[in-house]
1. Calculate, for Val212 and Glu152, the FRET efficiency according to 1/(1 + (r/R0)^6) with r their C-beta to C-beta distance and R0 45 Å; round to the nearest 0.05.
2. At R0 = 35 Å, how high is the FRET efficiency between Asn129 and Thr190 if r is their beta carbon distance? Nearest 0.05 is fine.
3. Excluding residues fewer than 8 places away in the same chain, name every one of the aspartates and glutamates whose C-alpha is closer than 15 Å to that of Lys160.
4. Quick one: length gained pulling Glu17 to Arg175 fully straight, 0.36 nm per residue minus the C-alpha distance?
5. Can you pull the one-decimal nm distance between simple spin-label points at Leu115 and Asp159, each 7 Å off the Cα toward Cβ?
6. Can you compute the radius of gyration and Dmax for segment 2-213, using only the Cα atoms, both in Å?
Amino acid sequence: MKRLHTPAHLNPRSQLELFKQTAFHEAGHAVAIYLRNQQIQLPPVFFQITLDAYEPKPLENKYLAKVEGGHLIENLPFSLTSLPEQQQSGYLAAFEADIVNLLAGPLAEAKYIALRDDEVINRDIVNLNALAFYGGASDLERVEAYIQCFIENMQQRIDKVDALFSVAFDFINTRTHWKIITDLALHIITCQKNTIPCEEIINIIEQSLLRVSLGH
């Protein structure tokens with residue numbers, strides 16, 4: 001899950017603004033990985049956030065930040081049908097969750113930019129293809145790899161990705177989830193670390209979740 005440079009962001013308003021966009025992108029990934037996987041009773045996975053923000057790199061370095069780990073499926077099988085039948089349902093659940101978590105990052109960045117610019121965000125304005133403009137090219141490549149592995153029929157691929165895009169959109173657009181994403185993004189912006197470990201990320205998410213549940 002890498003937040004890439006894109007042509008639209010090579011000349012941002014400021015380096016700080018680009019960093020804010022990147023923070024929301026990575027926070028979207030992280031909150032989905034931890035919170036949504038928990039909500040749908042999937043096993044926890046290790047992940048951490050690595051940033052280049054405090055040590056600027058040349059543009060040949062394609063990513064600005066990345067979530068390391070976080071995938072329920074680390075190594076894709078050749079195809080779903082190549083797996084034993086008793087494993088297929090578990091792989092399908094993990095496959096869908098990983099795709100939603102991949103899409104949550106660029107969608108969170110898109111929502112942050114829309115709110116910053118006092119614009120409306122909806123599925124007509126921000127569709128799947130538009131995510132490449134929000135640092136999501138690498139995420140979309142991974143989604144395509146998943147889809148090709150798990151679904152053979154082209155129309156079924158299109159329908160499945162569209163459905164999972166809607167799930168990801170609804171996740172980041174839920175008020176509670178967005179508050180938690182915002183809290184984590186602000187932590188990323190202010191903590192001045194190149195690597196934020198899994199335990200620290202989970203602690204921020206849990207603290208934010210508690211505040212939300214208490215109505216703060």
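1. Values: r = 42 Å, r/R0 = 0.92.
The calculated FRET efficiency here is 0.60.
2. Working: r = 33 Å, r/R0 = 0.94.
With a Förster radius of 35 Å, E is 0.60.
3. Within reach: Glu96, Asp98, Glu144, Glu152.
4. Working: separation 158, 0.36 × 158 = 56.88 nm, distance 2.31 nm.
Fully extending the segment from Glu17 to Arg175 adds 54.6 nm.
5. With each label point 7 Å from Cα toward Cβ, the separation is 3.5 nm.
6. Over segment 2-213's Cα set, Rg and Dmax evaluate to 16.7, 52 Å.
None of the figures in this text is laboratory data; all of them are computed from the coordinates on show. What you see is a predicted model; the values in this text were computed from it and never measured. Glycine also receives a Cβ, built like all others from the backbone with ideal geometry; neighbour counts cover every protein chain displayed.
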